[in-house]
Amino acid sequence: MRAAVVRTFGGPEVVEVVEAGLPEPAARQVRIKVAAAALNPVDAGVRSGVFGGAGKQIGLGWDVAGTVDATGVATAWNVGDEVVALDYGMVKPLGTHAEYVVVDTDAVAKAPASVDAVAAATLPLNALTAVQGLDLLELTAGQTLLVTGAAGAVGGFAVPLAARRGIAVTGLARETDEQLVRSLGAAEFTATGEGSYDAVLDAAVLGEAALARVRDGGAYAGVIPQAQPAPVRGVRTTAVEVSADGARLAELVRLVDEGVLTLRVAETFALDDAAKAHARLAEGGVRGRLVLVP
């Protein structure tokens, strides 16, 4: 099969598409024939060496939508099932930017019925990050939340997920994104980040600037593991380290099919054009996800 990998760190030009052996599923694993796989900022971090792994071949891609192609023993999935999954891991020989990928069976969920595979591939990483980040904040109905980067990939899921819990959400984004952010479920909108809130979900990675908006004794959740600012004024600070969770992913799929969550695709690229997709991501200004289609 073909797979997008890096064998040296650098810019988009270091991304290679190579021939690799077809991976075989072990017990409690499935092999998925990849129909689509989203490109995320974490892939750019892996490519540039942020997470280490020098001297190794490192596969790219965390999100996958496709069809179960083979199964190991002790799995409830069947060949032919249309699924989505999160393939967690910073430094791994192969990722989802490939023609096939093997994942643990409990990382898998049935694909949404209401969207195609390209759209479905934008769900796992960012929606799981959003919902697991909200869990860390431990907010209850009626409390106030500021979501930074509310028009972005994680923020765009966090806004409707929080609103559905009865939380009063304010979305922070560019002025030009106000209509979008309100349509996602934000009760209020700000382009400046002023105000005081019970909690902040800092999807834009503003750090201390976002922390300053949390009331004394509130909570802050970042989206880069172990990179949250230090606690101040009794504010509890934490950061989500996303984990694969097929049961939780199935809940998110249901919300897609119910119209609660909106999936946004900015552009698609052939797998052979993976380097071009990385270059587009590096340009910035992408609304929605870039998706590789083998």
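The values are calculated or read from the model by the stated rules, or taken from the named source; none is laboratory data. This structure is a prediction, so every number in the text was calculated from the model and none was measured. All Cβ positions, even for glycine, are placed from backbone atoms using ideal geometry, and neighbour counts span all protein chains on display. Note: accessible area is taken over every heavy atom of the protein model, side chains too, but ligands, DNA and RNA are not part of it. Shrake-Rupley method; radii C 1.70, N 1.55, O 1.52, S 1.80 Å.
Points worth noting:
- Cα point-scatterer Debye curve for the chain, base-10 log of I(q)/I(0) at q = 0.07, 0.10, 0.13, 0.16 Å⁻¹: -0.25, -0.52, -0.87, -1.24
- Exposure ranking of S48, S183 by accessible area [1.4 Å probe, largest first]: S183, S48
- Helix 153-164 axis, angle to the chain major axis (alpha carbon atoms, nearest 10°): 60 degrees
- Every Cα-Cα pair of the range 184-282 was included, and the share exceeding 16 Å stands at 70 percent.
- Put simply, the Cα atoms of the range 137-196 extend 30, 22, 16 Å along their principal axes, the longest span coming first.
- D (Stokes-Einstein, µm²/s), Kirkwood Cα radius, the range 1-100, 1.002 mPa s at 20 °C: 155 µm²/s
- Mean projection area, nm², convex hull over Cα of the range 114-234: 7.3 nm²
- Expressed per residue, the C-alpha convex hull volume of the range 41-152 stands at 159 Å³.
- Across q = 0.19 Å⁻¹, the range 110-164 modelled as identical point scatterers on its alpha-carbon atoms has Debye log10 I(q)/I(0) values of -0.69, in the order of the q list.
- For R236, solvent-accessible area (1.4 Å; no DNA, RNA or ligand), Å²: 100 Å²
- Rounded FRET efficiency, nearest 0.05, which uses the C-beta distance separating E24 from E194 and R0 of 45 Å: 0.25
- Spatially proximal aspartates and glutamates relative to K276 (Cα-Cα < 17 Å; intrachain offsets below 8 disregarded): E13, E16, D43, E267
- Counting only aspartates and glutamates at least 8 places from K110 when in the same chain, those with an alpha carbon closer than 20 Å to its own are D63, D69, D81, E82, D87, E99, D245, E251, D257, E258.
- Computed over the chain, the per-residue total of -39500 (n - 2.57) for DSSP H runs of n ≥ 4 gives a 222 nm mean residue ellipticity of -6500 deg cm²/dmol, rounded to 500.
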